[in-house]
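For reference, the structure discussed in these notes is given below.
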Amino acid sequence: MSVDYRIDHDSEVPKYKQVVDLIISDIESGIFKKGQRVPSINETSEDLLLSRDTVEKAYVSLKKKGILASVRGKGYYVNHVNVQKKLKVALVFNKLSNYKRNIYYSFVETLGNKAGVDVFIYNYSIDKFEEIINDHLTNYDYFVILPQFNDENVKAAEVIRKIPKEKVLLIDRNLDVLNDYPVVYQEFEKDIQTALGEALLLICKYKKLNLVFPQNEFYSRNIIRGFQIFCQVNELEFSVIHQFAEEEVKKNEAYVLVSDDDLYRFIKICRDRKWKTGVDVGVVAYNDNPVKEILEDGITTITTNHDEIGRTVARMILNNDFRRIKSPFEFIKRNSL
């Protein structure tokens, strides 16, 4: 084992497990070949400044795994070199939601048994995010991060840059301050213009197009800008509603609803008035899911493919092929428009 290796004494990972990982890493890199003797327990203990008991525990663990074999009076030898250490991945989300669950499930499924995934939630708090990164900086092979901080992107970038760059992949949000990092992202301003463009003939049947965009949520404000540009270019009467209330729902108008909570309130209002979506009012919802497919005979959506985001990021890790990729965005026509 190279004497350049050091043990992280502040890590939550037990020291004997760190020794196990070091030896496996040396086998994977070809430093130790099959049948070759590895440094003795005493030598490794001296090199790494660890107790003999700690190193012995690591060697016994490697022997149980079949990676090392021991010969009485001669020491430990490499038994096989096909060790393939399981990757450890931290998936760091701002919050849990339906579409983030989709990303998680497709990500884990694509990685299969080649990686273990732990999920951390920072609830939009930059302080909590920094705490998560600081506490686990050396514990994971990769950090997959959804950076959603509203006006604190510069501080978030400072925290992310603490992680070795080759270990970081961003998803969903493209931060300008991290434009040299790999990411699978949505292009919010252009996406809404393109998707609504596919529905233009349907939208023109209504007197007005309204965007319901919650003021106190952390959705990208580029959605508003893209919506406004679309309406202005196509000479549509429009409004942006931040405080959604029952009196905002008007017959013969169409609504783009960003929040699922607002969508469900909207549908209840229509039911109370005995209005039918797609007839009395038009509805387009953000982020498709199975509920929207069956709700009210089908809710029209504009959406990225969240399953594909998870699969793409997993393939990046498995193939060690890190790039900047725009996630596809689509218009799904159903009966509500």
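Mind checking which residues of region 231-259 are open to solvent by 10 Å² or more (accessible area, probe 1.4 Å), at pLDDT 95 or above and part of a helix (DSSP H, G or I)?
GLN232, VAL233
Looking only at region 86-103, filter to residues that are within 26 Å of THR303 (Cβ to Cβ) and of a type in the set (Lys, Arg); which one of those is most open to solvent (accessible area, probe 1.4 Å)? Talk me through it step by step, then tell me what you get.
Let us first name the residues in region 86-103 that are within 26 Å of THR303 (Cβ to Cβ), namely 89, 91-103.
Those still in the list that are of a type in the set (Lys, Arg) too: 95, 100-101.
Working: LYS95: 63, LYS100: 4, ARG101: 101 Å².
Among them, the one singled out is ARG101.
Applying the selection to region 193-229, what residues are basic (Lys, Arg) and at pLDDT 95 or above?
Matches in region 193-229: LYS205, LYS207, LYS208, ARG225.
Please find, within region 308-319, the residue that is farthest from PRO290 (Cα to Cα) out of those that are open to solvent by 40 Å² or more (accessible area, probe 1.4 Å) and touching an Asp or Glu at 6+ places or on another chain (Cβ under 9 Å).
The extreme case among them is ARG315.
Could you check region 65-102 and list, in sequence order, the residues that are hydrophobic (A, V, I, L, M, F, W, C) and closer than 19 Å to ASP141 by Cβ?
Result: ILE67, VAL83, LEU87, VAL89, ALA90, LEU91, VAL92, PHE93.
Could you list, in sequence order, all residues of region 12-25 that are surrounded by fewer than 17 Cβ atoms within 10 Å (Cβ to Cβ) and in contact (Cβ under 8 Å) with a residue 24 or more places away in the chain?
Residues satisfying the conditions are GLU12, VAL13, LYS17, ASP21, SER25.
Among (1) part of a helix (DSSP H, G or I); (2) over 17 Å from ILE192 (Cα atoms), there is one condition PHE227 misses while meeting the rest; what is its number?
Here PHE227 meets the rest and fails (2).
Is one or more of the residues making up region 321-332 closer than 20 Å to LEU209 by Cβ and either at pLDDT 95 or above or part of a loop (DSSP other than H, G, I, E, B) (or both)?
Within region 321-332, one or more residues are closer than 20 Å to LEU209 by Cβ and either at pLDDT 95 or above or part of a loop (DSSP other than H, G, I, E, B) (or both).
Does region 320-332 hold any residues that are in contact (Cβ under 8 Å) with a residue 12 or more places away in the chain and exposed (fewer than 14 other Cβ atoms within 10 Å of the Cβ), and which are they?
Within region 320-332, ARG323, ARG324, PRO328 qualify.
When region 201-217 is examined, which residues are found to be over 18 Å from LYS251 (Cα atoms) and surrounded by 13 or more Cβ atoms within 10 Å (Cβ to Cβ)?
Initial filter on region 201-217 (over 18 Å from LYS251 (Cα atoms)): 201, 213-217.
Residues satisfying the conditions are PHE213, PRO214, GLU217.
Okay, residues lined up against (1) modelled with pLDDT of 90 or more; (2) closer than 18 Å to LEU91 by Cβ; (3) β-branched (Val, Ile, Thr):
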position	(1), (2), (3)
PHE120	yes, yes, no
SER125	yes, yes, no
PHE129	yes, yes, no
ASP135	yes, yes, no
PHE143	yes, yes, no
ILE163	yes, yes, yes
LYS167	yes, yes, no
PRO182	yes, yes, no
ASP191	yes, no, no
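Just to be sure before I move on: is ASP307 outside any helix (DSSP H, G or I) and under 30 Å from LEU87 (Cβ atoms) in the structure I sent?
no
State whether the residues of region 297-307 include one that is surrounded by 14 or more Cβ atoms within 10 Å (Cβ to Cβ) and acidic (Asp, Glu). So that I can check it myself, show each step before the final result.
Initial filter on region 297-307 (surrounded by 14 or more Cβ atoms within 10 Å (Cβ to Cβ)): 298-307.
Those left that are additionally acidic (Asp, Glu): 307.
Yes, because at least one residue in region 297-307 is surrounded by 14 or more Cβ atoms within 10 Å (Cβ to Cβ) and acidic (Asp, Glu).
Restricting the search to region 218-227, which residues are open to solvent by 70 Å² or more (accessible area, probe 1.4 Å) and within 20 Å of TYR206 (Cα to Cα)?
Within region 218-227, none qualify.
For SER336, are the conditions met, namely being among the polar types (S, T, N, Q), open to solvent by less than 40 Å² (accessible area, probe 1.4 Å) and within 22 Å of the chain's Cα centre (by Cα)?
no
Filtering region 31-57 down to residues that are in contact with a Ser or Thr (Cβ under 8 Å, 6 or more places away or on another chain) and closer than 14 Å to PRO14 by Cβ, which residue is surrounded by the fewest Cβ atoms within 10 Å (Cβ to Cβ)?
SER51
Take GLY75 and tell me if it is open to solvent by less than 40 Å² (accessible area, probe 1.4 Å), among the small types (Gly, Ala, Ser), within 24 Å of LYS15 (Cα to Cα) and over 17 Å from the mean Cα position of the chain (by Cα).
Taking the combined requirement at face value, the residue satisfies it.
What tally of residues in region 131-165 results from selecting those that are acidic (Asp, Glu) and either touching a Lys or Arg at 6+ places or on another chain (Cβ under 8 Å) or at positive phi (or both)?
Matching residues across region 131-165 total 1.
The values are calculated or read from the model by the stated rules, or taken from the named source; none is laboratory data. Since the model is a prediction, treat every value here as computed from it, not as a measurement. Note: ideal-geometry Cβ built from the backbone for every residue, glycine included; neighbour counts use all protein chains shown. Keep in mind that these areas ignore ligands, DNA and RNA; they rest on the heavy atoms of the full protein, side chains included. Shrake-Rupley method; radii C 1.70, N 1.55, O 1.52, S 1.80 Å.
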